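Worksheet: one structure, shown below.
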Amino acid sequence: MKVCVVGTGYVGLTTSVSLAFLGHDTTCVDLDKQKIDTLRAGRCPIYEPHLEALLEQALSRLTFTTDYAIGVPDADVVFIAVQTPQLDNGNPDLRYLRSAAESVAQHLHGDFTVVVNKSTVPIGSGNWVDALLREAYERHHGHRPNGQFAVASNPEFLREGTALADTLYPDRIVIGSDNQASLDVLNQLYRPILNQSFTPPTTLPRPAGIGAVPLVSTDLASAELIKYAANAFLALKISYINEISAIAGKVGADIREVARGTGLDARIGPRFLSPGIGWGGSCFGKDTAALIATASEYHLAMPIVTAARDVNHRQRTKVVDRLLDELHIIKGRKIGILGLAFKPDTDDLRDSPAIDIANLLLERGARITLHDPVAADRFRREQPTLAEYLADRVEDVFDDADAIVVATEWSHYRDLDWAKFTPIMRSPLVLDGRHCLDADRLAELGYRYLTMTAPA
Ligand code: UGA
């Protein structure tokens with residue numbers, strides 16, 4: 001099939017590369033010429049494992065352009081995967097979606113095209129995009145559209161860092177439209193994934209036990225709400241274990257054992273029960289805020305989702321409290337933060353807990369040093385006020401430090417030669433914000449090892 005993907009961010013690029021890999025002729029449109037040039041050269045503008053390798057393999061079926069006229073007219077499916085950043089009122093900023101929809105409409109003609117909202121958009125946006133497309137189509141073509149297109153929603157559930165595996169081997173695919181023909185087209189587009197009938201990339205073998213992938217083929221509003229319901233549930237699962245973690249510390253329980261013993265109940269499930277400094281990233285914060293904002297338009301409160309956000313926010317301040325408990329004074333202390341990305345295997349810094357923690361420590365007068373094995377360059381560009389605290393070498397973070405906070409569970413940090421650092425630290429204190437280090441080994445080496453689980 002012929003596919004056009006508007007927007008080459010995480011979602012757009014992963015979708016494009018995966019669809020091209022599966023055999024669809026895919027054109028990626030992005031107005032950012034620099035990004036397009038990078039992609040044409042076979043390089044990825046973002047850090048995502050396997051993406052560049054797959055891009056290379058699928059390059060012959062990929063076209064990168066800044067011109068809608070190249071991708072849209074022949075496409076069976078146009079995905080809109082532009083950014084929807086959060087506004088101050090919690091709602092997403094839909095201006096990029098609007099302009100993408102208007103540009104798409106200008107180039108739609110002739111055969112039936114499914115226009116798919118891939119960006120996470122508020123419930124009701126499908127109808128809104130449909131109206132925008134109709135208006136723009138009429139303005140541009142001088143007559144009303146007559147069955148040339150229909151709008152569908154196809155929320156994505158990929159995680160940064162595992163985006164390609166999540167796309168090729170998903171738990172489910174959700175498609176929603178009030179037009180049956182578009183559901184049929186999307187069903188056909190995803191057939192290789194639904195049937196798992198493609199030959200897996202050598203770098204990403206099919207996980208054992210993967211069979212046919214369930215398809216949820218539903219109406220537009222349901223598909224849109226599924227995305228929010230899923231993200232909010234995952235977010236509250238994490239906040240829940242963090243809340244339990246607080247009581248675990250008081251009663252002397254081991255939160256990892258508690259999480260394991262709880263998650264083995266098939267009704268609960270073991271994933272997203274890792275305690276620590278909480279969630280960050282571009283999705284959970286934005287989507288929970290948007291869900292609350294949408295609910296408020298219907299005079300509905302969302303107390304559970306609101307509480308999940310509060311708990312998550314508190315985890316960041318708790319880092320400072322934990323250090324205060326141990327060091328008694330924060331002012332003047334040298335505190336190193338290991339990990340700046342919101343999670344490992346990405347250089348994404350959006351809503352990263354490490355950034356809030358760094359700022360909170362600075363407010364309390366600490367001297368901070370920061371390190372990330374992958375996200376440092378991006379950090380320098382995106383966080384100019386904190387960039388001066390970046391250390392080039394991980395040794396510099398430990399040197400003379402009163403405490404180290406592990407904010408991202410990069411394997412790089414797990415694999416450090418921790419024995420090397422105790423002699424150069426002022427006090428060998430480690431606050432493992434992600435439960436990712438070997439506590440017993442660190443204790444043997446003379447570290448004071450803390451987690452977010454505060455004892456009584
Ligand atoms: C999340 C969802 O997991 C995806 O399904 C969804 O498609 C995506 O949002 C989206 O809406 O685009 P992502 O934000 O990339 O994906 O990353 P996650 O792996 O979900 O991690 C989010 C945050 O939660 C990270 O900061 C991670 O460290 C934290 N986390 C995760 C925990 O603190 N504990 C856990 O047990 C799991």
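Of note, F233 does not satisfy the criterion of being of a type in the set (F, W, Y), under 23 Å from S16 (Cβ atoms) and within 18 Å of the chain's Cα centre (by Cα). Residues being within 25 Å of the chain's Cα centre (by Cα), on the phi < 0 side of the Ramachandran plot and surrounded by 22 or more Cβ atoms within 10 Å (Cβ to Cβ) are entirely absent from region 130-143.
Per-residue answers, yes or no, for (1) aromatic (F, W, Y); (2) more than 30 Å from I46 (Cβ to Cβ); (3) modelled with pLDDT under 95:
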| site | (1), (2), (3) |
| --- | --- |
| L87 | no, no, yes |
| L94 | no, no, yes |
| V114 | no, no, no |
| S119 | no, no, yes |
| E138 | no, yes, no |
| T167 | no, no, no |
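A search for C-beta distances below 8 Å between a residue of region 264-283 that is part of a loop (DSSP other than H, G, I, E, B) and aromatic (F, W, Y) and any residue that is modelled with pLDDT of 95 or more and near the ligand (Cβ under 6 Å from one of its atoms), counting only pairs 6+ apart in sequence or on different chains, returns F272/L234; F272/I238; W279/I238; W279/F342.
Could you tell me whether R364 is surrounded by fewer than 20 Cβ atoms within 10 Å (Cβ to Cβ), within 22 Å of R322 (Cβ to Cβ) and in contact with a helix residue (DSSP H, G or I) (Cβ under 8 Å, 6 or more places away or on another chain)? Yes: the conditions hold for R364. Taken over region 308-338, the residue count meeting the criterion of being touching an Asp or Glu at 6+ places or on another chain (Cβ under 6 Å) and within 15 Å of the ligand (Cβ to nearest atom) is 2.
The lone criterion from (1) within 12 Å of the ligand (Cβ to nearest atom); (2) surrounded by fewer than 16 Cβ atoms within 10 Å (Cβ to Cβ) left unmet by I268 is number (1). Restricting attention to region 31-56, the residues that are more than 16 Å from the ligand (Cβ to nearest atom) and either part of a helix (DSSP H, G or I) or over 20 Å from the mean Cα position of the chain (by Cα) (or both) total 18.
Yes or no, residue by residue, for (1) β-branched (V, I, T); (2) under 17 Å from H109 (Cα atoms); (3) in the same structural domain as V121 (by TED's automatic domain parsing):
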{"site": "T38", "(1), (2), (3)": "yes, no, yes"}
{"site": "H50", "(1), (2), (3)": "no, no, yes"}
{"site": "A53", "(1), (2), (3)": "no, no, yes"}
{"site": "A58", "(1), (2), (3)": "no, no, yes"}
{"site": "D67", "(1), (2), (3)": "no, yes, yes"}
{"site": "P73", "(1), (2), (3)": "no, yes, yes"}
{"site": "D76", "(1), (2), (3)": "no, yes, yes"}
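Check whether at least one residue in region 20-27 is away from the ligand (no atom under 16 Å from the Cβ), assigned to a helix (DSSP H, G or I) and in contact (Cβ under 8 Å) with a residue 40 or more places away in the chain, and report yes or no.
yes
Just to be sure, is T346 at pLDDT 95 or above and either within 13 Å of the ligand (Cβ to nearest atom) or not in a helix (DSSP H, G or I) (or both)? Criteria not met by T346.
In region 147-206, which residue that is of a type in the set (S, T, Y) and within 15 Å of the ligand (Cβ to nearest atom) is farthest from the chain's Cα centre (by Cα)? Looking at the filtered set, the residue picked out is S153.
The values are calculated or read from the model by the stated rules, or taken from the named source; none is laboratory data. Since the structure is predicted, the reported quantities are computational estimates derived from the model, not experimental observations. For neighbour counting, all protein chains shown are included, and Cβ atoms are generated from backbone atoms with ideal geometry for every residue, glycine included.
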